[in-house]
Amino acid sequence: MTQPRRPVARRSPSQRGRTSSARSSGRSLRGSSELRLRGGLIIILMILSVFGVRLFELQGLDPKAYAKLADAQGLVTVPLPATRGEITDRNGVALAESVTGMMVVADPSRTAAHAEPIARILANKLKLDYVDTLTQLRKTGPDGKPTVRFAYLARRVPASEATAAVKAIDKAGYQGVDTRPDPLREYPAHDVAANLLGFLGTDGTPLAGLELAFNNQLAGKDGSTTYEVGGGNRIPLGENSETKPVNGKNLTLTIDRDVQFFSQRVLRTAVQKAHAASGVAIAMDTRTGEILALADYPTYDANDGANANKDDYNSRALSNVYEPGSVEKVLTSSALIDAGKVTPRTKLTVPQNLRVADRTIHDYWGHGTLHLTLAGVIAKSSNVGTVLASRQLNHRQLWNYLDAFGLGQKTDVGLLGETKGLLPAEPTWTELTQSNIAFGQGLSVNALQMATAVNAVANGGERISPSLIKGTATNVKGAVVGTGTATRTRVISRSAASQVAQMMEGVTTEGLGTAPRAGIAGYRVAGKTGTAQEVGATCRCYDGSLAVSFAGFAPADNPRFTVYVVIQKPVQSASGGGTAGPVFRQIMNYLLQKYAVPPTNTRPPLLPIMW
């Protein structure tokens, strides 16, 4: 059966129109997109053409001119200062340290136009030289144009002062001056150990003392940072590179700041009271040779070293030489006893004067013929008695002992400028040479040399090389020094050292010796006075001035500390016992109390001084 056909739906004219319109609209949208794409491509090509022309211009037409422009507007290199190592005492207390400071810098390409008013502000605020500052503010490049981007105006300025100066410039409406970190050297104890520490110049150059001698360790190595600028400002995403600074290493001394401070104050009082030219005081740990104090007067504030007297820059204990006087008798008697030639009870007939070659040797006090033991010769400090006893040694024997004690040799504690003194060569000795040297004339020493020699007696006859540095350190001369390199040398026997120490106790005993004011209640104290004529710088002869001294140790029968005091050119009537002895007593007493050294509670020997 045939199915009937469905009727076909016919579209109305309006429907046919809408369909035709839709087709036409699709064609229109596609055409619009193509137009926009073509337009975008054209714009991109135009931009690339501009860049291409610009690149051709830069690389082909005038590359040098544009390179100069890039340099002028582009890279700035700024130093990054290393932090200088600290110098501390044995307990870690800072004697020299780096604190917050600033450098004041300029961008001359921005400051040149207003250099004069900026320079006036800086000269007023920071006390800078106006002309030098003006020159830096106008600094030019090789082409003579103000295109330089960095110049120093001031280094190591306290942060508050530097900041205030830059604020004043900004307030005045000028630009191009700024600050950068720049550690500032400070000496918190001012004059304490200044003659040892030295100081830095205004440009950061070490000028004296440990600062100079160990600059290679303390200084470190500066770094730098380089960055790109434009319009006077740093470009955040521009070229940037940095070399970090390497900070300096610390230097630890054997010095005890408290002992150093006390020694300096006591020494200053004595030098001023005696109207003397100068003085030094040395305190050592007898057993280790470590220097606990090395005091000088006159001295200076290391924070103001530029205004100090150049003669005060370094320690006189190392740089000055003098004849040791009667302290030398300690070494002569040590040699005699160790060689088995005498004992403390050896009897000597001591005349008023003694003729040697064409000279007459006499004692500091007038007397007739005396019958002294060797102990009496030391207690009374008789030159004549010492010469008589020394005749039992030949030239070579005495020279060998003095050489072993370290005379005529540098102590090599690491400081620069140390003198070695003079121990005349043995082949040049005559009878008069040996006689003079036996009681401390005719040779020269520095104070640290002599302190070390006496310390050998205190240390049971073993000489320990002195140390100023804890551990080890290498100075700028390449010398490795410090407690880690200390050497020990047997000079005399322990028995000989003990006998000499017993004789030295008579020096500080009331009614027996020349320096009872050097004694300390409750302790056995060994000591020896020294008074020597000074050689004048002009006449090269004895000019009437003196060097008075005192050396000793305590407790005498179990020594813990050795102290040596020298005062140069005091007024007349000054003496080793009366001028230097009290300084010794005060420093030694302070040491014994500070380090809680108990008395040995033993009785001193009763050595006869006369027969």
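Summary of values
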quantity: Candidate set from region 322-340 (those that are part of a loop (DSSP other than H, G, I, E, B) and not acidic (D, E)); member that is nearest to G530 (Cα to Cα); calculated: P324
quantity: T343 within 21 Å of L402 (Cα to Cα) and in a loop (DSSP other than H, G, I, E, B); calculated: yes
quantity: Count of residues meeting criterion [touching an Asp or Glu at 6+ places or on another chain (Cβ under 8 Å), under 15 Å from A451 (Cβ atoms) and outside any loop (DSSP other than H, G, I, E, B)] in region 247-259; calculated: 0
quantity: Cβ pairs under 6 Å, 6+ apart, first in region 121-134 and hydroxyl-bearing (S, T, Y), second surrounded by 13 or more Cβ atoms within 10 Å (Cβ to Cβ) and part of a helix (DSSP H, G or I); calculated: Y130/A119; Y130/A123; T133/A119; T133/L122
quantity: Exclusive hit being more than 28 Å from the chain's Cα centre (by Cα), over 16 Å from V507 (Cα atoms), among the hydroxyl-bearing types (S, T, Y) and not in a strand (DSSP E or B), set T602, T579; calculated: T602
quantity: Test for T386: is it free of Cβ contacts under 8 Å to residues at least 40 places away in the same chain, of a type outside the set (A, V, I, L, M) and either over 30 Å from N195 (Cβ atoms) or in contact with a Lys or Arg (Cβ under 9 Å, 6 or more places away or on another chain) (or both); calculated: no
quantity: Odd one out for V583 among (1) over 24 Å from G289 (Cβ atoms); (2) touching a strand residue (DSSP E or B) at 6+ places or on another chain (Cβ under 7 Å); calculated: (1)
quantity: Given (1) modelled with pLDDT of 95 or more; (2) surrounded by fewer than 24 Cβ atoms within 10 Å (Cβ to Cβ), number of the condition I282 does not satisfy; calculated: (2)
quantity: Residue among R585, R560 that alone is within 19 Å of A458 (Cα to Cα), in contact with a helix residue (DSSP H, G or I) (Cβ under 7 Å, 6 or more places away or on another chain) and either surrounded by fewer than 24 Cβ atoms within 10 Å (Cβ to Cβ) or modelled with pLDDT of 95 or more (or both); calculated: R585
quantity: Filter result for A556 (at positive phi and in a loop (DSSP other than H, G, I, E, B)); calculated: no
quantity: Residue satisfying condition, being in contact with a helix residue (DSSP H, G or I) (Cβ under 8 Å, 6 or more places away or on another chain), modelled with pLDDT under 95 and polar (S, T, N, Q), within set N303, N383, N309, N314; calculated: N314
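Residue-by-condition table, conditions (1) without any contact (Cβ under 8 Å) to a residue 12 or more places away in the chain; (2) β-branched (V, I, T); (3) closer than 27 Å to L372 by Cβ:
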residue	(1), (2), (3)
A501	no, no, yes
R524	no, no, yes
C539	yes, no, no
R560	no, no, no
A580	no, no, yes
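The rows are residues; the columns are (1) among the charged types (D, E, K, R); (2) at pLDDT 75 or above; (3) surrounded by 10 or more Cβ atoms within 10 Å (Cβ to Cβ); (4) assigned to a helix (DSSP H, G or I).
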residue: G52; (1), (2), (3), (4): no, no, yes, yes
residue: F56; (1), (2), (3), (4): no, no, yes, yes
residue: K68; (1), (2), (3), (4): yes, no, yes, yes
residue: A96; (1), (2), (3), (4): no, yes, yes, no
residue: S109; (1), (2), (3), (4): no, yes, yes, yes
residue: A112; (1), (2), (3), (4): no, yes, yes, yes
residue: A119; (1), (2), (3), (4): no, yes, yes, yes
residue: A123; (1), (2), (3), (4): no, yes, yes, yes
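The values are calculated or read from the model by the stated rules, or taken from the named source; none is laboratory data. The model shown is predicted, which means the values in this text are computed figures rather than measured ones. Cβ sites come from the backbone with ideal geometry, for glycine too, and all protein chains shown count toward neighbours.
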